[in-house]
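Written below as C-alpha cells is the structure these notes are about.
Laboratory data are not the source of any read-out in this text; all were calculated from the coordinates shown. Because the structure is a prediction, the values reported are computed rather than measured. Heads up, the Cβs are rebuilt from the backbone with ideal geometry, glycines too, and the neighbour counts pull from every protein chain shown.
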Amino acid sequence: MKEADLALIVIERLKQEYPDADCTLSYDEAWKLLVSVRLAAQCTDERVNEIVPLLYEKYPTIEALAEAEVSGIEEIIRPCGLGKSKARDISRCMKVLHEDYHDQVPDDFQSLLDLPGVGRKSANLIMGDVFQKPAIVTDTHCIRLSNRIGLVRELKDPKKVEMALWKIVPPEEGNGLCHRFVEHGRAVCTARTHPFCDRCCLADVCGKYGVEK
C-alpha cells in the first residue's frame, strides 16, 4: 500500500474514532493561543490552561503584556517550567504584535515564523486552528504515530516529518489529522507504555505489524 493511500485510510478511521478532536489549549483570541503554545513546551496543556487565566487577569491585552516587566510575566508562568526563556519570548512576541501588527496576529505562515519564540509547530497550529488554513502540526504524537503507522519512515526531525506528510495528506485534512493523532496517541498509541494495539482502529493497516506498504 502506498503511503498516500494509507494516509486516506488513517484519516477516515481516526475521524470516526475522534470526531470532535480539537486543540486542547484553551483560548478565545489568536494571541492567547500564541502565548499558550509557547508555555506548552515541555509542559502539559492542562497545566497551561490552569496558569493562563492568572496571566490574563494581570495582563489582559497584547499591549499590557508588551509593556509588562519580563520578571512579572515570569513570576506567573513559572509553574509551566522554563520561566525565564518563556517570559522573554512572550514579552518580545507581544511587543512585535503591538508595534508592528497593531495588536493583530498575522495570518501568513512566514510572518508567524518571524515572531519571537514561534517555531513551525506553533505557526502551523495558528494557521490551522485560528485561520482555518492548511496546516500540519508535527508534535511528539504526530511524529511517533506517523512513524509507527508507516506514513513516514524513520524520520524524527519535525520539519522532515511535516514535509513528508504534506506530500501524502490532503491539505484540508492536515490540521484535523494532527489533533486526532494527539487523541489517539494519548489513549491508544502511547509513548510511555506499550501501545494498546488490541483496541486500535488502525491495527490491520499499521506498519508496526509489518504490513507491506
* Under 30 Å between C-alpha atoms is the cut-off here; go through segment 1-147 and count lysine pairs that meet it, provided they're at least eight residues apart or on different chains. => 24
* Structure fact -> Across Thr193, Thr61, Thr138, the residue with the highest GNM fluctuation in the chain (Cα network, 10 Å cutoff) is Thr193
* For Glu12, Glu154, what's the fewest-to-most ordering of other Cβ within 10 Å of each Cβ? -> Glu154, Glu12
* If you plug each phi of segment 132-145 into the Karplus form 6.51 cos²θ - 1.76 cosθ + 1.60 with θ = phi - 60°, what whole-Hz ³J(HN,Hα) values come out, in order, with x for Gly and Pro? -> 6, 10, x, 7, 9, 9, 8, 8, 5, 5, 4, 5, 5, 5
* Suppose every K and R has +1 on its Cβ and every D and E has -1 on its Cβ; what is the size of the dipole of the chain about the Cα centre, in Debye to the nearest 20? -> 1060
* Dipole magnitude of segment 85-133 about its Cα centre (Cβ charges: Lys, Arg +1; Asp, Glu -1), debye to nearest 20 -> 320
* Count charges around Arg38 for me, please; just the other residues with Cβ under 12 Å from its Cβ, Lys/Arg as +1, Asp/Glu as -1. => +4
* Cα centroid distance between segment 1-61 and segment 94-148, in Å? -> 12
* Label-point separation (nm) for Gln132 and Lys156, each offset 7 Å from Cα along Cα-to-Cβ? -> 3.9
* Could you check how many percent of all C-alpha pairs in segment 1-106 are farther apart than 18 Å? => 54
* Identify, among Asn124, Ile77, Leu97, the residue whose Cα sits farthest towards the positive end of the charge dipole of segment 30-130, taking +1 on the Cβ of Lys and Arg and -1 on the Cβ of Asp and Glu, with the dipole about the Cα centre. => Ile77
* Where is the GNM fluctuation largest for the chain (alpha-carbon springs, 10 angstrom cutoff): Met94, Met163, Met127? -> Met163
* To do: Would you kindly state how much longer the chain becomes between Lys15 and Lys2 on full extension, computed as 0.36 nm times their sequence separation minus their alpha carbon distance, in nm to one decimal?
  => 2.7 nm
* Share of pairwise Cα separations in segment 53-152, more than 18 Å, in percent -> 56
* Structure fact -> Per the charge dipole of the chain (beta-carbon charges, Lys/Arg positive, Asp/Glu negative, Cα centre), the residue among Leu202, Leu177, Ser36 reaching farthest to the positive end is Leu202
* Counting Lys and Arg as +1 and Asp and Glu as -1, each charge on the Cβ, what is the dipole of segment 30-130 about the Cα centre in debye, to the nearest 20? -> 420
